[in-house]
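Below you'll find the structure, written out as structure tokens, and then a few comments.
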Amino acid sequence: MNTDASLPLEEIRARLAGARGREYWRCLDEIAATPAFEEFLHREYPAGASEWRDELSRRHFFQIMAASFALAGLGACTKQPLENIVPYVKQPPELTPGKPLYYATALTLGGFANGVIATSREGRPIKIEGNPDHPSSLGATSVFMQAAVLDLYDPDRAQSVLRAGQPSDWTTFVSAMNAAMQDQQTRRGAGVRILTGSVTSPTLRAQLAELLGKYPAAKWLQWEPLTRDNVREGARLAFGEVVETHYAFEDAAVVLALDSDFLSTHPAALRYARKFADRRRVKQPDGASMNRLYAIEPTPTLTGAMADHRLPVSSMEVENITRALAQRLGIPAGVGVTSHDDWLSPVARDLEAHAGAGVVIPGESQPPAVHALAHLINGKLGNFGRTITFTDSIEPAPANQLASLRELVADMQSGAVDLLIMLEGNPVFDAPADLNFADALAKVKTCVRLGFDDNETSRFCHWHIAAAHALESWSDARAFDGTVSLIQPLIEPLFDGKTTHEVIDALIRQPGRASYDIVREYWWGQGWPGFEKWWRAALDRGVVANSAAPPRAVTLAASAPPASPPPPSKTEIIFRADPTIWDGRFVNNAWLQELAKPITKLTWDNAALISPALAQREKLQNGDVVELKFRGRSLRAPVWIVPGQAERSVTLHVGYGRARTGRVGAGAGVNAFSLRTSDALCSGGGLEIVRTGETRELVSTQMHHSMEGRDIIRSGTLPAFMRDPNFTGKEKEPRPSREDTLYHPDEFKYDGYKWGLSIDLNVCIGCNACTIACQAENNIPVVGKHQVSAGRDMQWIRVDRYFRGGLDNPEMNHQPVPCMHCENAPCELVCPVGATVHDHEGLNVQVYNRCIGTRYCSNNCPYKVRRFNFLEFNAGLTAVQKMAKNPDVTVRSRGVMEKCTYCTQRINAARIPAEIAGRKIRDGEIVTACQAACPVEAIVFGDLNDPASRVAKLKEQPLDYWMLGELNTRPRTSYLAKLRNPNPELTV
Amino acid sequence: MAFVVAIVGAGWVTDAVFWSPYTTYVHVPQAQPVPFSHQHHVDGLGIDCRYCHTSVESSPYAGLPPTETCMTCHSQLWTQAPLLEPIHRSLATNTPVKWTRVNDLPDFVYFDHSIHVNKGIGCATCHGPVDQMPLTWRANTLYMKWCLDCHRAPENQIRPREEVFNMKWSQPAGQAALGRQLVAKYHVETDRLTNCSVCHH
């Protein structure tokens, strides 16, 4: 939300410094009490929400709407239209219309797989859940996995084979490839290059090995824009070879994250988050097992938000600090001068005190030296074999991806490349800017791309083959720990898409095989006894048993790596994965574009994230456009002030500013890759910031649905909790009695099922997977940037982010807020038409067909959890887009209020079979969408009348509290207060 | 006065139209690709409802028979009949038959067949004497008011589970007593049946 008045940053800093007690704030405007914020606060929907703000004039609006009004009126007077009912010709025996089918498959990101269970209704996939049997997902999903379904039905995806931009077909392509490969025969394939992302698929690797065997002079290169080269080189430095490091957070009492966002961007993040949370959760008053997290990072991340102690330092400073830590622990690591000694010493002591039960984890953006140092530190502390294990690298022939990309560009420039096959990827957009990939690509004789979308790279390609989505493909992949999952399709490729396997096969043999045969034949060749049974079991469970990489021994280097050269100047730019777009591949996914990024709460845009100190010095406000000058290149970007950002670091999330993408992603954000050079893949010093005087509207949801500083988040420290478990005041405060209401307190006896939800703030990492899961499950529409700026975002569960403390390094807390399903619901009594009513099990029920849109209910809700369809957000959906909808949930029209329903469709889906079988619904049978997605199991739903249920036990805990309980709404959704585990020796 | 008469008159007309077969489709046979006769198949041949409507006991949808089901008999019988041509063509061209839906509810209503059938609501209760229909028509309005009449007092409509598919069953004289007994036996919680969340989600 762009503010009109400038923020008085110094004043804000002073105010916050003098603050005492539990003062939580969500945005700087709140502290400054700017007029813009006040407006957001006092109007349920801010100014202009009810008015038509576009250039379209009111008169024109009425003109074009007049016809619709008339038709709408008439439409309501006609009878229900006759519809067709269309059965199958031959019904598949396993399919019962009306009942979902579930298939285990996997989704990959950066090559690494996470096992999922995809829900299929009448032959089309509509929802993704994690596969509980998969060691990497453990039943959870990330925002990217949840949003994968929308990508499948993206109307902007590539839909055909294109030859020089003109429609062609697969057969023609295969003949052309045939001819091209024949030409290469004599030269043993010297002119052939294959460029892929990181590949863990055993089948694809075998195919590529076969291809390279047939054409020994050909080359296969891998390039991920968010490359893990640093991790690999760091391992090489420390152990002499590339090994993969695995962390057992469940065994770690102390964790130090060195610019590592292991809770959200690591390939094993879902697993690590779960294991970390298991150790975080405070179950008994003794609290002895609660872990402690330290984080040093240049920009706030989810891991930093979770930390008990966080130190914002520039990315370049992290190596110094790591060396200083190594020195402290007795490892000769060269000069490690740091001004943060008073922070580092207690941390070092804590790590030593928990030797063998600690983890020092370096981030992927840190240079190899930091990784090597971290390995040395862990080795010294005796963590190897306890909290840290090693395996062979999962990636095949792990190469330095940057080096191989350089080589490719050089080859292309010199004209040595006759045939370049790209399997997905977008190097024209995301390769380092100084390599001039586009320039080199133009020199390739024949360029082929298999791609899901028609992007910047496709423009240079002679052939573009539409790719099949993962949910349409036969394939396989390995998780971070090496576990193999077979990828099986849930639907035939909607647009005749091809898989990577089919493309590579077409290069090797004629005729090429189908993916199913390729994958099956590969696994048949592995010689597992009883192949058919093995195949079925692997497909059924979604994992290949015992396929995880076995642990292995490593030889630690004797000495520390040499120091990296000092940076040119102190202001640095850091390039990071975007929390919702990743590296740009999801830029056309509307759910992910609209998802408010966890820390900044920005939507539909990226920005140059700067510290308040930098903003003060450069006199910058939110939305001011600056020119970022970096190593001879420049980029104009709007700035966003982020409390907690390291003073001299500017973060730019990559992936935005795409030149060629679909309708959703067009025009969103600025292109960070245009600044990124090969010597500064993750960060670089010497950034210059120049004001331009222009501004750009950035839309952030952090002011929306504000609850005016009431007692919303309750938090404390572990020692305080151990002294007095009831510190949340549950017992002491004068809680209103049940009878203290204008309602009839005994209207509902709740003697049957009594549904309730518990959210554990202790472990919530703020990943927002719950938000996208809910959007997918409940057909929640996307409204677009303009509507979000008016406060009309539609997501039923939001994750609020609260700061607490000073301006420069505040504490960050996340709080998911769904509907509270109050027993004394303020929304129910004000509805004039009885569209929001209560049911016998405690649910606050929203009946869409009765709602006439007065919005009084939303006005009365103190939690601001209700969402109104101001416009017809589901108008003009194509047939393919409609396939994404969940048929069990009403698609709401304009003028209708909606809100979280505790997934009432899932409750009914569990109740009916239970009633038919004559039994009660068992605890765990109903899993709400948000609960299912959550990596840390923060959300638990169940029957409060069942004392053995998980949710009943959670609500018994002393940490349990009602948000705004003093209003006597008696909400069924309650929270477990957040505890931090501070080191008594540290003040920060 | 004339104004009041006009309003009342308009109301009377609307009401008449709203409850007329024009709007409710009650007793109005719908045009179908094949004039399928339930009377012949059910009453004449004795085929059970579930032979075609296979998922009525396990799914929200009762299910409509795929072409394959028709062909279980009609691959042998009446193979040359012009009336059955659409079925044969459907199988030959692998294109499904597009029937006109007779019993339909608005999209914001979620009706589940399996729970009704398992709790002792007979097919004929809602769909009428289907075995006497030479062409298929809607027997009841299926308006919410009509659903609520039973949901408020299921003892008036409930029948023993074993009689659910029996087209010839009719309510005994002591339906009130039998109904109450069955409601208790089948654990029908009448006070919960009028929760909006049961049908609207």
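Readers should treat all values here as calculations from the given coordinates under stated rules, not as data from a laboratory. None of these values were measured; they are calculated from a predicted model. Backbone-built Cβ (ideal geometry, glycine too); neighbour counts: all protein chains shown.
Here are some notes:
- Per-residue ³J(HN,Hα) for region A:645-651, Karplus 6.51 cos²θ - 1.76 cosθ + 1.60, θ = phi - 60°, Hz, x for Gly and Pro: 6, 4, 4, 9, 9, 10, 9
- Taking every residue in B:183-190 and counting other chain Cβ atoms within 10 Å of its Cβ, the average works out to 1.
- Mean projected area of the Cα convex hull of region B:104-201, taken over all directions, amounts to 6.5 nm².
- Added length on full extension, which subtracts the Cα-Cα distance from 0.36 nm per residue, A:ALA914 to A:THR186: 255.2 nm
- Residues with amide H under 5 Å from that of A:ARG636, placed H, sequence gap 5 or more: A:LEU628
- Vicinal HN-Hα couplings computed from phi for region A:774-779 (Karplus, 6.51 cos²θ - 1.76 cosθ + 1.60; Hz; Gly/Pro x): 5, 5, 5, 6, 10, 6
- Anisotropy class of chain A from Cα gyration tensor, a/c 1.5 cut: rounded
- Between A:ASN860 and B:ARG50, the simple spin-label model (points 7 angstrom out along Cα→Cβ) gives 4.7 nm.
- Other-chain or far-sequence residues with amide H under 5 Å of A:THR836's (modelled H): A:VAL847
- Applying 1/(1 + (r/R0)^6) with R0 = 60 Å to the Cβ-Cβ distance of B:ALA2 and A:ASP923 gives a FRET efficiency near 0.35.
- Taking a straight Cα-Cα cut-off under 18 Å and skipping sequence neighbours fewer than 8 places away in the same chain, the aspartates and glutamates within cross-link reach of B:LYS145 are B:ASP15, B:ASP104, B:ASP107, B:ASP112, B:GLU155, B:ASP191.
- The mean count of C-beta atoms from other chains within 10 Å of the C-beta of residues in B:57-70, rounded to a whole number, is 5.
- The Stokes-Einstein estimate for region A:475-620, based on a Kirkwood radius over Cα pairs and taken at 10 °C with 1.306 mPa s viscosity, is a diffusion coefficient of 75 µm²/s.
- Taking the Cα centre of region A:340-414 as reference, the dipole from Cβ charges on Lys and Arg (+1) and Asp and Glu (-1) amounts to some 200 debye.
- Partner lysines for A:LYS380 [C-alpha distance under 26 Å; skip if fewer than 8 residues away on the same chain]: A:LYS275
- Each DSSP beta bridge with both residues in region A:585-676 is either parallel or antiparallel, and the antiparallel ones are about 75%.
- CD proxy at 222 nm, helix term only [per DSSP H run n ≥ 4: -39500 (n - 2.57); per residue of chain A; nearest 500]: -7500 deg cm²/dmol
- Cross-link reach list, lysines versus A:LYS445, counting only Cα pairs under 28 Å and skipping chain neighbours closer than eight places: A:LYS214, A:LYS219, A:LYS498
- Full-extension gain in nm, A:TRP524 to A:GLU872, via 0.36 nm per residue minus C-alpha separation: 120.1 nm
- Residues of region A:472-502 with amide N under 20 Å of a point placed 7 Å along Cα→Cβ from A:ARG509: A:474-476, A:498-502
- Burial ranking of peptide ranges A:504-516, A:814-826, A:237-249 (average Cβ count within 10 Å, highest at the top): A:814-826, A:237-249, A:504-516
- Close lysine pairs were tallied over region A:875-988: pairs 8 or more places apart or on different chains with Cα atoms under 23 Å apart number 6.
- Exposure proxy order (Cβ contacts within 10 Å, fewest to most) of A:TYR153, A:TYR103, A:TYR975: A:TYR103, A:TYR153, A:TYR975
- Taking the three principal axes of the alpha carbon atoms in region A:577-680, the coordinate ranges are 38, 30, 21 Å, sorted in descending order.
- Ranking of A:LEU373, A:LEU195, B:LEU105, A:LEU681 by count of other Cβ atoms within 10 Å, fewest first: B:LEU105, A:LEU681, A:LEU195, A:LEU373
- Qualifying trypsin sites (Lys or Arg not before Pro) in region A:118-188, where qualification requires a DSSP coil assignment and no more than 15 other C-beta atoms within 10 Å, comprise A:ARG187, A:ARG188.
- For the pair B:ARG192 and A:ASN849, label points projected 7 Å from Cα toward Cβ lie 2.2 nm apart.
- For A:LEU263, the residues whose amide H sits under 5 Å from its own are A:THR303, ignoring neighbours fewer than 5 places away on the same chain, with H placed 1.01 Å from N.
- The HN-Hα couplings worked out from phi for region A:845-853 by the Karplus form 6.51 cos²θ - 1.76 cosθ + 1.60 (θ = phi - 60°) are 9, 9, 9, 5, 6, 8, 5, 10, x Hz, whole numbers, x standing for Gly and Pro.
- The GluC sites (Glu not before Pro) found in region A:886-988 that occupy coil by DSSP, while having at most 14 further C-beta atoms within 10 Å, are A:GLU985.
- Take each residue of peptide A:90-98, count the partner chain Cβ atoms within 10 Å of its Cβ, and average: the result is 5.
- 13 Å cut-off, amide nitrogen to a point 7 angstrom out along B:ALA31 Cα→Cβ, residues in region B:95-129: B:100
- Peptides A:226-232, A:134-140, B:123-129 ranked from most to least packed by the mean count of surrounding Cβ atoms within 10 Å: A:134-140, A:226-232, B:123-129.
- Contact order relative to length of chain A, as percent, for alpha carbon pairs under 8 angstrom and 6 or more apart: 15 percent
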